[in-house]
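Participant: The structure's right below; bear with me while I get my questions together.
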Amino acid sequence: MTTPTPHAHAHRPPGHRPLVVVAWFVPIGIMLQAALAGQGWFVEPSLLTTHGGIGHGVLGLSVIATALAWWKRPNWTVVGLTTASLLGLMAQTGLGYTGRRGGVGLASSLHIPLGTLLFATTLVVAVLLLLDRDGTGARAGS
């Protein structure tokens, strides 16, 4: 009987790599939106339209990430967090439209902290998936 070397990982199941890639694009998109929102409020208001467009793209990526997470089920933490993030992004989109187009200050005041929470949550998902090197849901290094 031989002891496996640290590099002798099990073969990754199909779909793991696309899930990791999509999962990383979600927090990157959210961070880009934050930068555009700041520029839109203080420098160039037309950037808020770009902020919203990227938001729709992030929402679409979140749908894909959630579907892949449910299909591949790397672990229930990832499935739960991607699902919660998708629901949060749907609420975030509604808050954005309600605050900006409807002029509802409460919606805008909730939009920013929810975006921060969504950035953190989606970043945790991306890191968990990156650490899951073999796509089995096992913890890295164990």
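The values are calculated or read from the model by the stated rules, or taken from the named source; none is laboratory data. All of these numbers come straight from a predicted model, not from anything done at the bench. Here the Cβ is made from the backbone with ideal geometry for all residues, glycine too, and neighbour counts use every protein chain on show. With ligands, DNA and RNA removed, areas are computed over all heavy atoms of the protein, side chains included. Shrake-Rupley method; radii C 1.70, N 1.55, O 1.52, S 1.80 Å.
Participant: Can you give me the number of residues within segment 60-79 that are open to solvent by less than 40 Å² (accessible area, probe 1.4 Å) and at pLDDT 95 or above? Reasoning before the result, please.
Facilitator: Initially, segment 60-79 is screened for residues open to solvent by less than 40 Å² (accessible area, probe 1.4 Å), giving 60, 62, 65-66, 68-69, 74, 78-79.
Restricting the remaining residues to those that are at pLDDT 95 or above gives 60, 62, 65-66, 68-69, 78-79.
Matching residues across segment 60-79 total 8.
Participant: Out of all the residues in segment 42-53, is one or more in a helix (DSSP H, G or I), farther than 17 Å from L19 by Cα and among the polar types (S, T, N, Q)?
Facilitator: Yes.
Conditions tested, residue by residue: (1) surrounded by 14 or more Cβ atoms within 10 Å (Cβ to Cβ); (2) modelled with pLDDT of 95 or more; (3) of a type outside the set (A, V, I, L, M, F, W, C); (4) over 20 Å from L123 (Cα atoms).
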position: T2; (1), (2), (3), (4): no, no, yes, yes
position: P14; (1), (2), (3), (4): no, no, yes, yes
position: L32; (1), (2), (3), (4): yes, yes, no, no
position: G40; (1), (2), (3), (4): yes, no, yes, yes
position: L48; (1), (2), (3), (4): yes, no, no, yes
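Conditions (1) surrounded by fewer than 20 Cβ atoms within 10 Å (Cβ to Cβ); (2) basic (K, R); (3) at pLDDT 95 or above, marked per residue:
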position	(1), (2), (3)
G88	yes, no, yes
G102	yes, no, no
S109	yes, no, no
L114	yes, no, yes
L123	yes, no, yes
D132	no, no, no
T136	yes, no, no
